[in-house]
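Reviewing the structure listed below.
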Amino acid sequence: MPVHPRRAAVALAVTASTALLASACTGSAADGASADPDAKTTITFWHGWSAPAEVKAIQDNVARFEKAHPNIKVKVVGNINDAKLSQALRAGGSNGPDVAASFTTSNVGKFCHSGALADLKPFLEKDKVDLDKTFSKVLQDYTQFEGRRCSLPLLSDAYGLYYNKDAFKAAGITAPPKTWSEFREVAKKLTKEKGDSYEQLGFMPNYLGYETVPSHYMSQWDHTYFDENGKSNLAEDPAFAEMLTYQKSLVDGLGGFAKLDKYRTTFGDEWGAKHPFHTGQVAMQLDGEWRLNFIKDAKVDFEVGVAPLPVADDEVAEYGKGYLSGTIIGLAPQSRKQNAAWKLIKYMTMDTDAVVEFANGIGNVPSTLEALKSPKLKVDEHFKVFLDIAQHPESSTSDGAVNGSTYQDTFQDFAQKYEKGQVKDLKKGLEETAAQIDRDIAQAK
Amino acid sequence: MSSDSLEGRQAALRSKRVRNTLRTAAFMSPWLIGFSVFFAYPLVSTVYFSFMKYDGLNPPTWRGLDNWTYVFSDLPKFWPAMQNTLWLAVVMVACRVVFGLGTGLLITKIKLGAGLFRTLFYLPYLAPPVAATLAFVFLLNPGTGPVNSLLEAVGIPAPSWFNDTAWAKPALTVLAVWGVGDLMVIFMAALLDVPKEQYEAAELDGTSAWQRFRYVTLPNISPIVLFAVVTGIIGAMQYYTQPIVAAKVASGVMGGSGQTFEPGYPDDSTLTLPQLVYDLGFGRFDYGAACVVALVLFALSMAFTALLMRRRGGLIGSGD
């Protein structure tokens, strides 16, 4: 077909005008970091908390910041998940956040690698912040990726074992289990069957049993997700096969996957009063320190005990360790108020009193070394267990990856197939899963 | 005729042609602008980005066929998503059309309380998709749902519906059929429009009810059936809200801590291509692979529509 110059010119004009329109919609953030930090301004802070007590705690924290920084007003937007956050960070614009918080530490690799969150190094250097004296190594690790620090820890979470002391007493159990072998026996003793279901289940081991995800189990076995070349270590590190085999034995020992999964569908919402641990449907629960506040609000009618999670039988010396995670906070790269936004980040993550007040209000573990020692921190016997887990030298978290939590999702998919009995050859399955993780990472690079 | 006047007439003719062209373009401009901005430009961009590495934040870089190879051979969720989308396009759309037509036929036959029944059958269509899906997941909950309690009470083995790979898509189909009010109204209008004389003539010829439906009703409403099938398939290609809400609620993974929700629960059985596009593009920041899947969806929609248009006669009889 011959090309008509006039038609081509029209097409070019349309394309050019569309491109112009598109480029006009995006702004430059070049002036964001040089904005006057003392000018009166309003910044926007997006976070994911939604429970009324948590929302109040964050509002109180922001109010303290505004009092200390009268020139900065903070517009707080809650109940934001990572999907909404990612879109807003990419779109930029005046309605997006200047400061963003996320619960998903495994997405930090994606945020840092892509530049979705700005590099905080210039701000940290300008303010001469010594991170080693401020945060523990684990917390420093999960807030950066491959040397690019795009976030800081905003409180942290430690995972442990909750148990129903009344149920323990009724079953003649005197102390929480310390190894997974002991745990299996305790879970069986606590289980009371009723027809083809349960009157009380010792423990819900399924990977969809709220916090019983593979990464939380894995913290109780010494493991490394990636080798020194960045390749998946699932098939090479025996810890993964050990954890999967153990969890499967737990599933089979407590009635099998189908029966347990049907029972799981009777559970109430994880964030509501009808959580199965609150209602007595399960006698033990793997969970984070925040559950303490939920238990208090639900006014449970039994005595609650808290302990570190059991460890692998050959790692008894490391009993007391656990999975660590937390909320991360970062700076939107397209923000035009980066200096003011940095002040909020610095205040919320490093001001000892602010961190302690916020930790007390929200019931999370404080993230700075100073705040952990603060006399103002409200500590009871239960919360102390989580503080100890947070400071245990062998406590760990999941590694960051360029494609965020995708490698965890792939591992979890495989683990779910294994618990259902759909995988006949574990070694081969782990090799294939590792190869898939490597392919996904190669695609993301 | 002098050459001057001939040139003058030719110039006037050219000028008239230009004016006509401009006038036509002016009348067409709203459509042209809409087509360019909302169809042509996004389509061209999608093709372009399918060959690039692009995360929406950094400048795109050339990647050749890597995204295509990744999606077709290295992305394990692609083929289940494709199978599920095709299953829904065939089974769910067929069920909706059959039930829509069946309900329309019933409603046109009812003499007493027709208005009430029309309203009752149409109402579910007005329910917001998220609310309707939530209600269905609770009703069909294998542990606490009333449907399974009823089935168990009468001794019928109760499936796990949204928690079972074999039953999750049929459960979504039940939900879609429940909201068939839109098709019912369209079919009802078409059925009432069939000339009565044709039925009378067929009755005089001694035809059965089935023969009257097959040789009188169906040919008359064939354009409406085609419309219902084509729009149903396009809807199936965009099917996102119901499966993702059902999977989220049935899995119990609401997020908010260490858990991350993956669409498709259970075992990718409710994963559709639009969910995969969203997951790749907005979850993994992989616009390139997301664009490949979006183009596959586009090609599928075009193929289905072309096939239906060509096979229209064979599908519903020679109604033309």
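Where a number appears in this text, it was derived from the coordinates with a stated rule and is not lab data. If you're wondering where the values come from, they're calculated on a predicted model, not measured in any experiment. Ideal geometry is used to build each Cβ from the backbone, glycine not excepted, and the neighbour counts take in all protein chains shown.
Within the set A:Lys137/A:Lys424; A:Lys231/A:Lys384; A:Lys248/A:Lys378; A:Lys178/A:Lys346; A:Lys188/A:Lys424; A:Lys56/A:Lys346, which residue pairs have Cα atoms separated by over 28 Å?
In this structure, A:Lys137/A:Lys424; A:Lys231/A:Lys384; A:Lys248/A:Lys378; A:Lys178/A:Lys346 exceed 28 Å between Cα atoms.
Quick one: length gained pulling B:Ala299 to B:Glu203 fully straight, 0.36 nm per residue minus the C-alpha distance? Could the numbers behind the result be given before it?
Working: separation 96, 0.36 × 96 = 34.56 nm, distance 4.55 nm.
Contour length minus Cα-Cα distance gives 30.0 nm.
May I ask you to order A:170-182, A:201-213 by the average number of other C-beta atoms within 10 Å around their residues, highest value first? If you can, show how the numbers build up before the last one.
Working: A:170-182: 15.3, A:201-213: 23.4.
Sorting A:170-182, A:201-213 by mean packing, highest first, produces A:201-213, A:170-182.
May I ask you to derive the FRET efficiency for A:Glu370 and A:Lys445 from their Cβ-Cβ distance with R0 = 30 Å, giving the value to the nearest 0.05?
Details: r = 38 Å, r/R0 = 1.26.
E between A:Glu370 and A:Lys445, to the nearest 0.05, is 0.20.
For A:Ser106, B:Ser73, B:Ser269, what's the fewest-to-most ordering of other Cβ within 10 Å of each Cβ? Numbers along the way, then the final one.
Details: A:Ser106 25, B:Ser73 11, B:Ser269 21.
The fewest-first ordering by Cβ neighbours comes to B:Ser73, B:Ser269, A:Ser106.
Any idea what the relative contact order of the range B:68-316 is, in percent, if you count C-alpha pairs under 8 Å spaced at least 6 apart? Don't skip to the answer; put the middle values down first.
Details: 281 pairs, mean separation 68.6, N = 249.
Relative contact order for the range B:68-316 comes out at 28 percent.
Which one of A:Gln285, A:Gln87, A:Gln334 has the biggest mean-square fluctuation once chain A is modelled by GNM with Cα springs under 10 Å?
Greatest mean-square fluctuation among the candidates belongs to A:Gln87.
For chain B, modelled as a GNM with alpha-carbon contacts under 10 angstrom, which of B:Gln242, B:Gln198, B:Gln83 fluctuates the most?
Greatest mean-square fluctuation among the candidates belongs to B:Gln198.
Can you give the FRET efficiency to the nearest 0.05 for B:Val98 and B:Phe39, using r as the Cβ-Cβ distance and R₀ = 35 Å? Numbers along the way, then the final one.
Values: r = 32 Å, r/R0 = 0.92.
The formula returns an efficiency of 0.60 here.
I want to check the label-to-label distance for B:Phe227 and A:Lys73. Put each point 7 Å from Cα in the C-beta direction and report it in nm to one decimal.
The two pseudo-label positions are separated by 5.3 nm.
Run the quick spin-label model on B:Gln211 and A:Gln140: label points 7 Å from Cα toward the beta carbon, then report their separation in nm to one decimal.
So the label points at B:Gln211 and A:Gln140 sit 9.0 nm apart.
Just order A:376-386, B:175-185, B:90-100, A:359-369 by mean Cβ neighbour count inside 10 Å, highest at the front, would you? Intermediate results must be reported in sequence, preceding the final value.
Numbers: A:376-386: 15.2, B:175-185: 20.2, B:90-100: 18.3, A:359-369: 22.5.
With the highest mean Cβ count within 10 Å placed first, the list reads A:359-369, B:175-185, B:90-100, A:376-386.
Just want to confirm a number: the relative contact order over the range B:176-315, from Cα pairs under 8 angstrom separated by 6+ residues, in percent. Before the final figure, lay out each step's value.
On the way: 89 pairs, mean separation 24.9, N = 140.
Normalised by residue count, the contact order of the range B:176-315 is 18 percent.
Under the 0.36 nm per residue contour assumption, what length would be gained going from the current alpha-carbon distance of B:Arg23 and B:Thr165 to full extension? Don't jump to the answer; show the numbers that get you there.
Details: separation 142, 0.36 × 142 = 51.12 nm, distance 5.82 nm.
Here the segment from B:Arg23 to B:Thr165 would lengthen by 45.3 nm.
Can you give the FRET efficiency for A:Lys427 and B:Asp74, using 1/(1 + (r/R0)^6), R0 = 22 Å, r = Cβ-Cβ distance, to the nearest 0.05?
My answer for the efficiency is 0.55.
What is the extension gain from A:Asn95 to A:Ala175, computed as 0.36 nm multiplied by their sequence separation minus the C-alpha to C-alpha distance, in nm to one decimal? Intermediate values should be presented prior to the final figure.
Numbers: separation 80, 0.36 × 80 = 28.80 nm, distance 5.31 nm.
Additional length available on full extension: 23.5 nm.
Ranked highest first by the average count of other Cβ atoms within 10 Å around their residues, in what order do A:319-327, A:123-131 fall?
On the way: A:319-327: 23.0, A:123-131: 12.9.
With the highest mean Cβ count within 10 Å placed first, the list reads A:319-327, A:123-131.
Tell me the label-point distance for the pair B:Thr144, B:Asp193, using the 7 Å Cα-to-Cβ offset, in nm and rounded to one decimal.
4.8
Compute the signed sum of charges (Lys and Arg +1, Asp and Glu -1) over the other residues within less than 12 Å, Cβ to Cβ, of B:Asp268.
Values: positive: A:Lys417, B:Lys77, B:Lys169; negative: A:Asp409, A:Asp413, B:Glu262, B:Asp267, B:Asp279.
My count for the surroundings of B:Asp268 gives -2.
Given springs between every Cα pair under 10 Å in a Gaussian network model of chain B, which of B:Ala153, B:Ala189, B:Ala289 has the largest fluctuation?
Of B:Ala153, B:Ala189, B:Ala289, the Gaussian network model singles out B:Ala153 as fluctuating most.
Averaged across the residues of B:65-71, what count of C-beta atoms belonging to other chains lies within 10 Å of each residue's C-beta?
Per residue, the average neighbour count from other chains is 1.
Take the alpha carbon gyration tensor of the protein assembly as shown, find the square roots of its eigenvalues, order them as a ≥ b ≥ c, and report rounded if a/c is under 1.5; if not, report prolate when a/b exceeds b/c, else oblate.
Oblate shape, in that a/c is at least 1.5 and b/c is the bigger or equal ratio.
Total Lys pairs in the range B:68-316 closer than 20 Å by alpha-carbon, pairs eight or more apart in sequence or interchain only?
Details: B:Lys77/B:Lys169; B:Lys77/B:Lys248; B:Lys109/B:Lys196; B:Lys111/B:Lys196; B:Lys169/B:Lys248.
For the range B:68-316, qualifying lysine pairs total 5.
With an 8 Å cut-off on Cα pairs and a minimum separation of 6 or more residues, tell me the relative contact order of chain A in percent. Please list the in-between numbers first.
On the way: 752 pairs, mean separation 116.8, N = 445.
Relative contact order comes out at 26 percent.
Can you sort B:Leu86, A:Leu154, A:Leu190 so the residue with the fewest Cβ neighbours within 10 Å comes first? List each step's numbers first, then the result.
Values: B:Leu86 16, A:Leu154 25, A:Leu190 22.
Fewest-to-most Cβ neighbours within 10 Å comes out as B:Leu86, A:Leu190, A:Leu154.
From the Cα gyration tensor of the range A:232-287, with a ≥ b ≥ c the square roots of its eigenvalues, which class applies: rounded if a/c is under 1.5, or else prolate if a/b is larger than b/c, or else oblate? Can you show the working numbers first?
On the way: a/c = 2.89, a/b = 1.93, b/c = 1.50.
Because a/c hits 1.5 or more and a/b exceeds b/c, the range A:232-287 counts as prolate.
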